[in-house]
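Student: Structure below; questions to follow.
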Amino acid sequence: MTEFKNIKNIPKYIFEKGSISSLSDIVKEFDGFVVYFIDKFFQDNDVKKKIPARRNDLIQFIDTADEPKTSLIDKLCDQVKANGENCTCVVGLGGGSVLYIAKAVSNMLTNKGKAEDYQGWDLVENPGVYKIGIPTLSGTGSEASRTCVLTNVEKGIKLGMNSDYSMFDQLILDPDLTKTVPRDQYFYTGMDTYLHCMESLNGSYRNVVIDALSQKAIELCREVFLSDDMMSEANREKMMIASYFGGCAAGNVGVVHPLSAGLSIALGYHHGIANCLVMNILEEYYPYEYVEFKDMMEKQKVSLPTGLCSKLDQKIYEKLYSSSIIHEKPLTNALGAEFKTILTKEKMISLFKRI
Ligand SMILES: [Fe+2]
C-alpha cells in the first residue's frame, strides 16, 4: 500500500448564475429514476419549479431542524428502494445537511448494512449512485469534501463517511440560490470556511496545496465579510467559491471545531452558530483572527446570543468537556501533543462558561 496520498477532485462543476436550469439536461442522461433531496425551505418556492422531475422520480423534502442522523439515512434509503430498484442518480439541493444526506443515501444504495457501519475512514466499499450537489448555502464546503457528517444518537458520535465515494460527481454552483438565506445564517455558515482555513493555517500539520487553497478562501472571506454588504451579488459569488476552495482544502482544524462539536453534542447547537459562539471566546488562542472576526460581525451587523453556558448543570459541563476533548487530532494540531495540560478540564469549562 502506497504511503502517498492520492487526491481526488470533483470531476465536473458548473459555476454560473442561473445554472440550476442546466439540471434538466444533466439528468436526462439517466435511464433509471432520480431521487431529489431538497431543503424544506424550498418547498413553496420558485426554485422547486426548476426541478425537472419525471414520472418515476422521487422528491423528498428535508426538514433541517436537526442535523442528519444515521437513522434518518437508513429510513430514506428504504424509501428510495421502495420506489423501485433502478435509482441511477441522487440530487441534493440545500445546505450542508441536505448535501450530506444526498451523499450518504447514494452510498447506502450500493453498500450493504446500515449507515453507521460506514462512519469512519475509507470504509465504503462500492461507489454509490451518481451524485449531483446543488448548494444553497455557502460555507461548510460539503459540496467539495470527501465526507458526509452524520450523528449517531445511540453511540453519541458525530462522524463522517470519509471516502472518495462520498464526493459528488457533478456540482451545480448557482449563486442565485443563496439570495434568500437569512442574514445571520449566511454569516454563521460563511464563517465555517473562514474558521476551517484559519485553523488549518495556524496549525502544525501543513501542506502547500492545503495552505494555498486556504489562503485564497480566507482572502475571499475577508473581501465578503469586511465589505458593506456580504450578500451583494458579487459577494455571494465570491462566497460560493470560498466555500468550494475551503472544502477542497479540507485542512486540519484546531481549537474552534472541537469545542464547537462539544456544543453541538451537549446542547444541540447547529455547526455554524456553534463555531461562532466558540470563536467569540477564543481571543487567547487566535488573537489576530479574533479581532478580525469581531470586525466582520460588526460590519455585517450580526450578533450572537450570550449567557448561554454561564449557569449549566455540572453534568452538562462534563459532557461539553468530554465531547470536545475527544477530538485529539485537531487539538494536537493546534496545541501540540501535550494539549491536555494546556487545555485542562478546568480551563475548558471556564471557556464554556463565557459563552
Ligand atoms: Fe466546520
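Student: Do we have Gly307 as surrounded by fewer than 16 Cβ atoms within 10 Å (Cβ to Cβ) and either closer than 16 Å to Ser200 by Cα or modelled with pLDDT under 95 (or both) here? Spell out the reasoning first.
Tutor: Values: surrounded by fewer than 16 Cβ atoms within 10 Å (Cβ to Cβ): yes; either closer than 16 Å to Ser200 by Cα or modelled with pLDDT under 95 (or both): no.
No, not satisfied.
Student: Do you know which residues across region 233-291 are within 11 Å of the ligand (Cβ to nearest atom) and free of Cβ contacts under 8 Å to residues at least 24 places away in the same chain?
Tutor: Ser260, Ala274
Student: State all residues of region 221-245 that are out of contact with any strand residue (DSSP E or B) (no Cβ under 9 Å at 6 or more places or on another chain), within 20 Å of Val181 (Cα to Cα) and open to solvent by 20 Å² or more (accessible area, probe 1.4 Å); if no residue qualifies, say none. Step through it out loud before you land on a result.
Tutor: The first filter runs over region 221-245 and keeps only residues out of contact with any strand residue (DSSP E or B) (no Cβ under 9 Å at 6 or more places or on another chain), leaving 221-236, 238-239, 242, 245.
Those left that are additionally within 20 Å of Val181 (Cα to Cα): 221-236, 238-239, 242.
Residues satisfying the conditions are Arg222, Glu223, Leu226, Ser227, Asp228, Asp229, Met231, Ser232, Glu233, Ala234, Lys238.
Student: Which condition number in (1) away from the ligand (no atom under 16 Å from the Cβ); (2) open to solvent by less than 30 Å² (accessible area, probe 1.4 Å); (3) within 21 Å of Ala334 (Cα to Cα) is the one that Val208 fails?
Tutor: Just one mismatch for Val208, condition (2).
Student: Within region 173-185, is there a residue that is closer than 26 Å to Ser106 by Cβ, among the β-branched types (Val, Ile, Thr) and more than 16 Å from the ligand (Cβ to nearest atom)?
Tutor: Yes, the conditions are met somewhere in region 173-185.
Student: Regarding region 150-164, can at least one residue be identified that is among the hydroxyl-bearing types (Ser, Thr, Tyr), more than 11 Å from the ligand (Cβ to nearest atom) and assigned to a helix (DSSP H, G or I)?
Tutor: Step one: filter region 150-164 for residues among the hydroxyl-bearing types (Ser, Thr, Tyr), giving 151, 163.
Remaining after also requiring more than 11 Å from the ligand (Cβ to nearest atom): 151, 163.
Next, only the ones that are assigned to a helix (DSSP H, G or I) stay: none.
There is no residue in region 150-164 that is among the hydroxyl-bearing types (Ser, Thr, Tyr), more than 11 Å from the ligand (Cβ to nearest atom) and assigned to a helix (DSSP H, G or I).
Student: Pairs please, first residue from region 114-133 and modelled with pLDDT of 95 or more, second anywhere and basic (Lys, Arg) and open to solvent by 20 Å² or more (accessible area, probe 1.4 Å), Cβ atoms under 8 Å, 6+ apart in sequence or on different chains.
Tutor: If the second residue must be basic (Lys, Arg) and open to solvent by 20 Å² or more (accessible area, probe 1.4 Å), the pairs left are Glu116/Lys155.
Student: Still on this structure, I have one more. So Tyr194 ticks every box in (1) away from the ligand (no atom under 13 Å from the Cβ); (2) aromatic (Phe, Trp, Tyr); (3) open to solvent by less than 20 Å² (accessible area, probe 1.4 Å) but one. Which box is left unticked?
Tutor: With (1) away from the ligand (no atom under 13 Å from the Cβ); (2) aromatic (Phe, Trp, Tyr); (3) open to solvent by less than 20 Å² (accessible area, probe 1.4 Å) applied to Tyr194, the lone miss is (1).
Student: Of the residues in region 175-225, how many are of a type in the set (D, E, K, R) and in contact (Cβ under 8 Å) with a residue 60 or more places away in the chain?
Tutor: Of all residues in region 175-225, those of a type in the set (D, E, K, R) come to 176, 179, 183-184, 192, 199, 206, 211, 216, 219, 222-223.
Now restrict to residues that are in contact (Cβ under 8 Å) with a residue 60 or more places away in the chain: 176, 183-184, 192, 199, 222.
The total comes to 6.
Student: Now, a different point. Just to confirm my filter: which helices (runs of 4 or more DSSP H) fall fully inside region 233-349 and include at least 3 residues that are more than 18 Å from the chain's Cα centre (by Cα)? First the steps, then the outcome.
Tutor: On the way: elements: 233-249, 256-267, 271-279, 287-299, 314-325, 328-335, 339-342.
Helices (runs of 4 or more DSSP H) meeting the threshold: 233-249, 287-299, 314-325, 328-335, 339-342.
Student: I want to confirm something. Restricting to region 327-355 and keeping residues that are in contact with a Gly (Cβ under 9 Å, 6 or more places away or on another chain) and aliphatic (A, V, I, L, M), which single residue is surrounded by the fewest Cβ atoms within 10 Å (Cβ to Cβ)?
Tutor: Here the answer is Ile342.
Student: Which one of Lys69, Lys8, Lys17, Lys103 is touching a residue at least 40 places away in the same chain (Cβ under 8 Å), under 25 Å from Ala250 (Cβ atoms) and surrounded by fewer than 16 Cβ atoms within 10 Å (Cβ to Cβ)? Reasoning before the result, please.
Tutor: Values: Lys69 fails: surrounded by fewer than 16 Cβ atoms within 10 Å (Cβ to Cβ); Lys17 fails: under 25 Å from Ala250 (Cβ atoms); Lys103 fails: surrounded by fewer than 16 Cβ atoms within 10 Å (Cβ to Cβ).
None of the other options fit; the residue is Lys8.
Student: Among the listed residues Ile218, Ile210, which satisfies the condition of being assigned to a helix (DSSP H, G or I), more than 30 Å from Glu125 (Cα to Cα) and either at pLDDT below 95 or among the β-branched types (Val, Ile, Thr) (or both)?
Tutor: Numbers: Ile210 fails: more than 30 Å from Glu125 (Cα to Cα).
Criteria check complete, one pass: Ile218.
The values are calculated or read from the model by the stated rules, or taken from the named source; none is laboratory data. Predicted, not measured: the structure shown is a model, and the values here were computed from it. Please note: Cβ atoms are built from the backbone with ideal geometry, for glycine as well, and neighbour counts cover all protein chains shown. Each accessible area value is taken on the protein alone, full model and side chains, heavy atoms only, with ligands, DNA and RNA left out. Shrake-Rupley method; radii C 1.70, N 1.55, O 1.52, S 1.80 Å.
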